[in-house]
Amino acid sequence: MRSAENLADAPASSFGHADTIAAIATPPGRGGIGIVRVAGGRAADVSRALTGRLSPARRATRAEFRDAQGTLIDSGLALFFPAPYSYTGEPVLELHGHGGMVVMQLLLTACLDAGARLAEPGEFTRRAFLNGKLDLAQSEAVADLIESASNDAARCALRSLSGEFSSAVRGLVAKLTELRALTEAMLDFPEDEVDSLHRDDALRGLNRVRVALDEILARSRQGSLLREGIRVVIAGRPNVGKSSLLNRLAGAERAIVTPIAGTTRDALREDIQIEGVPLRVVDTAGLREAVDEIERIGVERAWQELGRADVVLAVFDAAEGVQAADRTILERFENELPAGAVRIDLFNKIDIAGIPARSIETTPQQVYLSAKTGDGLELLRHALLAAAGWQRSGETLFLARARHLRALESAQHNLAVAGDALPRWELFAEELRLAQESLNQITGEFTSDDLLGEIFSRFCIGK
């Protein structure tokens with residue numbers, strides 16, 4: 001068996017990839033440090049070409065970086081990780097230089113001249129998956145951690161990266177495997193020879209799996225809110241306080257507020273968080289018959305934003321009540337809001353109407369507040385979280401993606417059908433098999449190349 005150090009100079013084919021890739025691993029722009037990452041069988045050759053030597057394994061070594069003509073590019077640190085003790089499982093070289101865009105590009109070009117090629121988006125992490133360093137759910141967690149929009153989302157992504165989500169899914173698969181083994185034994189006997197005891201054992205085993213799956217799915221749905229966030233669109237006729245509401249939610253003067261109707265002419269967006277859940281709040285132009293071309297475009301864009309909303313805040317003037325113009329807007333909502341969108345009727349200006357927020361019985365679908373004073377704002381925050389289905393719990397959440405939820409829901413359906421199939425053991429066994437296949441798609445045991453391409457193409461280059 002070859003040692004880790006010997007693997008530094010092993011041929012590229014030893015690692016399942018014929019080429020060596022390189023990319024700038026730090027964000028574009030200027031900074032104190034920039035990193036170029038190289039992975040593949042020729043990483044050691046690239047190191048020798050640029051620094052004149054191969055650094056000791058896993059030890060930061062000061063080096064001068066030179067191009068193919070021997071011209072000095074920069075000086076910094078070189079780090080070499082032999083296979084399989086690296087992020088991708090292949091030989092990996094990291095060159096740490098000064099973080100300027102020009103010097104980083106020169107350093108990357110020198111790596112390409114030394115035999116590497118430019119990495120595709122997500123190719124380093126894809127190789128880590130293909131080489132068994134990460135499963136598919138962990139690989140996706142890398143991107144989720146980088147893109148986290150809140151502290152809670154970052155913590156959930158880190159737990160997925162450490163394997164908690166994958167471990168929970170594999171626990172389900174293990175239970176299914178045990179149940180399938182029992183079922184396969186039942187198939188060897190005629191139905192009339194299988195006693196009720198075996199049927200009861202199968203049902204108890206099935207129910208245990210279903211309960212565990214339901215728990216994971218519930219935690220995944222909650223976690224998906226931390227990842228995807230909620231798109232909230234504020235809408236209503238002019239001068240009901242939509243821009244004041246955006247400013248109040250944002251905690252800053254983001255939108256211009258005047259007594260003049262039609263001040264807002266375009267959609268204004270602000271990202272906020274409520275209990276760690278990210279929300280993209282969109283203020284829109286007042287909905288009415290436009291008085292000029294600019295306002296007409298603004299109203300048209302408002303309806304476009306409403307067509308993409310998860311939650312719609314329909315704002316009314318509490319002092320005036322629901323007017324005829326409001327009812328016209330509500331009728332159009334019935335036809336133009338997306339399926340599944342939640343509408344919250346928001347009665348603003350209770351300070352003018354002389355109504356204390358706490359004196360009114362509010363519901364998740366109807367809230368009274370004052371955007372000017374902030375009275376009732378906490379009620380709105382709770383209503384927004386309720387509309388999204390958020391429930392704060394002490395349990396660990398899984399930062400699930402849409403495809404994870406689809407796989408879990410598919411397995412849930414298969415298990416429900418399996419319960420109805422008994423005592424037809426062949427149908428029961430088939431539904432268990434389909435459920436297990438769905439779960440295996442999450443961690444990547446059974447995954448098509450097309451799906452892998454879709455997943456990793458969304459990563460940044462250098463990761």
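The values are calculated or read from the model by the stated rules, or taken from the named source; none is laboratory data. Please read all numbers here as calculations on a predicted model, not as lab measurements. Here the Cβ is made from the backbone with ideal geometry for all residues, glycine too, and neighbour counts use every protein chain on show. SASA here: full protein model, heavy atoms, side chains in, ligands and nucleic acids out. Shrake-Rupley method; radii C 1.70, N 1.55, O 1.52, S 1.80 Å.
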Worksheet item: Can you tell me which residues in segment 409-438 are aliphatic (A, V, I, L, M) and part of a helix (DSSP H, G or I)?
Response: A411, L415, A416, V417, A418, A421, L427, A429, L432, L434, A435
Practice prompt. Report yes if G276 is surrounded by 15 or more Cβ atoms within 10 Å (Cβ to Cβ) and within 18 Å of G241 (Cα to Cα), otherwise no.
Written response: no
Fill in: Lone unmet requirement of (1) at pLDDT 85 or above; (2) open to solvent by less than 50 Å² (accessible area, probe 1.4 Å); (3) under 27 Å from the mean Cα position of the chain (by Cα) for A267
(1)
Discussion item. With the structure loaded, tell me whether L380 is open to solvent by less than 50 Å² (accessible area, probe 1.4 Å), modelled with pLDDT under 90, touching a strand residue (DSSP E or B) at 6+ places or on another chain (Cβ under 9 Å) and in a helix (DSSP H, G or I) or whether it fails that test.
Written reply: no
Worksheet item: If the Cβ limit is 6 Å and pairs must be 6+ apart or interchain, which residue in segment 289-301 that is within 16 Å of I329 (Cα to Cα) pairs with which residue that is in a helix (DSSP H, G or I) and at pLDDT 85 or above?
Response: A290/R296; A290/V299
Worksheet item: Does segment 386-408 contain any residue that is open to solvent by 70 Å² or more (accessible area, probe 1.4 Å), in a loop (DSSP other than H, G, I, E, B), at pLDDT below 90 and over 30 Å from N151 (Cβ atoms)?
Response: no
Item to complete: Would you be able to say whether some residue in segment 315-330 is of a type outside the set (D, E), in contact with a helix residue (DSSP H, G or I) (Cβ under 6 Å, 6 or more places away or on another chain), crowded, with 18+ Cβ neighbours inside 10 Å and farther than 18 Å from A383 by Cβ?
Response: no
Worksheet item: Can L112 be described as in contact (Cβ under 8 Å) with a residue 24 or more places away in the chain, touching a Leu at 6+ places or on another chain (Cβ under 8 Å) and open to solvent by 30 Å² or more (accessible area, probe 1.4 Å)?
Response: yes
Worksheet entry | Within segment 442-463, considering residues that are among the aliphatic types (A, V, I, L, M) and modelled with pLDDT of 65 or more, the one surrounded by the most Cβ atoms within 10 Å (Cβ to Cβ) | I442
Worksheet item: So which of D45, D9, D74 is open to solvent by 50 Å² or more (accessible area, probe 1.4 Å), out of contact with any Lys or Arg (no Cβ under 7 Å at 6 or more places or on another chain) and at pLDDT 95 or above?
Response: D45
Practice prompt. Taking the residues in segment 100-109 that are of a type in the set (V, I, T) and in contact (Cβ under 8 Å) with a residue 40 or more places away in the chain as candidates, determine which candidate is nearest to A39 (Cα to Cα).
Written response: T109
Discussion item. Among the residues in segment 363-374, are any open to solvent by 30 Å² or more (accessible area, probe 1.4 Å), at pLDDT below 90 and either among the hydrophobic types (A, V, I, L, M, F, W, C) or on the phi > 0 side of the Ramachandran plot (or both)?
Written reply: no
Practice prompt. Any chance you could count how many residues in segment 133-147 are part of a loop (DSSP other than H, G, I, E, B) and either within 17 Å of T20 (Cβ to Cβ) or open to solvent by 60 Å² or more (accessible area, probe 1.4 Å) (or both)?
Written response: 2
Worksheet entry | Cross-chain or 6+ apart pairs with Cβ under 6 Å, segment 50-72 first and closer than 17 Å to V36 by Cα, then open to solvent by 20 Å² or more (accessible area, probe 1.4 Å) and among the basic types (K, R) | L54/R48; L72/R66
Worksheet item: Which of the residues that make up segment 319-336 are modelled with pLDDT of 90 or more and either among the hydrophobic types (A, V, I, L, M, F, W, C) or on the phi > 0 side of the Ramachandran plot (or both)?
Response: V322, A324, A325, I329, L330, F333
Discussion item. Go through segment 221-251 and report how many residues are assigned to a loop (DSSP other than H, G, I, E, B), among the polar types (S, T, N, Q) and within 26 Å of E140 (Cα to Cα).
Written reply: 0
